[in-house]
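The values are calculated or read from the model by the stated rules, or taken from the named source; none is laboratory data. Bear in mind the structure is a predicted one, so any value in this text is a computation, not a measurement. Neighbour counts run over all protein chains shown; Cβ positions are idealised from the backbone, glycine included. Just the protein is used for accessible areas: all its heavy atoms, side chains included, with ligands, DNA and RNA removed. Shrake-Rupley method; radii C 1.70, N 1.55, O 1.52, S 1.80 Å.
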Amino acid sequence: ADRDMNIRMSLIIALGLVSEPKAKDELMTFLQDKDETIRGIAALSLAQSSLKNPVKTPTNKVIADNLLKSLQNCKREGVGLTLLALGIMGEERVKPELKRIMEDRRKSDIVRGAVIITYGLLKDKDAVPLLTEMFKKRPEDPLLAPYILMALGMIGDERAIGAIQPVWDKVDKNISAMAYTNMAVALTMLGKRNEVVAQIVKHTTKEY
């Protein structure tokens, strides 16, 4: 009940590390908090708690049910954090919501980024065509491109190589440092480690 938001956030994170079922019950109450960030942090802590103690009560399904329900009261920060929590839990029932958000042009890139990483956490191969098409259209996007690359690497579908490799081969100053790093990581995760190392060596001998 402390009014200091930083204290409340710290308490929520701590509760996520506690093994007692009562800690999960307390975290559930924070999903109804008036502050959206608090609700989102509570969602992540619940996901962490459920993974650490899957046999404890409430069960993962009860937690996931509550997280899915809490999405209805979230806007930006809360939506992103709650989606990530559901992705961490491997909750595939969130997929229709992910699709709805991606089709809504009013949604911010921050929320879209959370959706993209959630696709990665779920290892959703059905999302690969969408993500590769987005990357082809926006390889220089400083925010979304790194998220897309990381998600494609996490999913591990080799179809992504055809979209990433041409950009990697012709990388220049227009590509952000984060996107460059994530391209290397994604291609490595997709089985192109030796090629990535060789290309990095070439890149270090050039001036961009």
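Condition first: surrounded by fewer than 16 Cβ atoms within 10 Å (Cβ to Cβ), among the small types (Gly, Ala, Ser) and on the phi < 0 side of the Ramachandran plot. Now tell me which residues in region 148-175 satisfy that. Once the filter is applied, which keeps residues that are surrounded by fewer than 16 Cβ atoms within 10 Å (Cβ to Cβ), among the small types (Gly, Ala, Ser) and on the phi < 0 side of the Ramachandran plot, region 148-175 yields only GLY162.
Within region 140-154, residues that are farther than 20 Å from THR188 by Cα reach partners that are open to solvent by 20 Å² or more (accessible area, probe 1.4 Å) and assigned to a helix (DSSP H, G or I) with beta carbons closer than 6 Å, at six or more positions or on different chains, in the pairs LEU143/ASP109. Any residue in region 117-136 that's under 16 Å from LEU86 (Cβ atoms): show its pairings with residues that are open to solvent by 70 Å² or more (accessible area, probe 1.4 Å) and not aliphatic (A, V, I, L, M) at Cβ separation under 6 Å, as long as the two are six or more apart or on different chains. Note: pairs meeting the criteria are ILE117/TYR147. Evaluating LEU51 against the criteria (1) more than 26 Å from PHE135 (Cα to Cα); (2) open to solvent by less than 50 Å² (accessible area, probe 1.4 Å); (3) within 18 Å of the chain's Cα centre (by Cα) leaves one unmet condition, (2). Among the residues of region 176-194, those identified as closer than 24 Å to PRO129 by Cα, assigned to a helix (DSSP H, G or I) and open to solvent by less than 90 Å² (accessible area, probe 1.4 Å) are ALA179, TYR180, THR181, ASN182, MET183, ALA184, VAL185, ALA186, LEU187, THR188.
Screening LYS202, LYS125 for residues that are over 30 Å from LEU44 (Cα atoms) and open to solvent by 60 Å² or more (accessible area, probe 1.4 Å) leaves exactly one candidate, LYS202.
Scanning region 137-147 for residues that are closer than 21 Å to THR82 by Cβ and of a type in the set (A, V, I, L, M, F, W, C) yields LEU143, LEU144.
Of all the listed residues (LEU130, LEU68, LEU98), the sole one being under 30 Å from VAL167 (Cα atoms), surrounded by fewer than 19 Cβ atoms within 10 Å (Cβ to Cβ) and either over 18 Å from the mean Cα position of the chain (by Cα) or of a type in the set (A, V, I, L, M, F, W, C) (or both) is LEU130.
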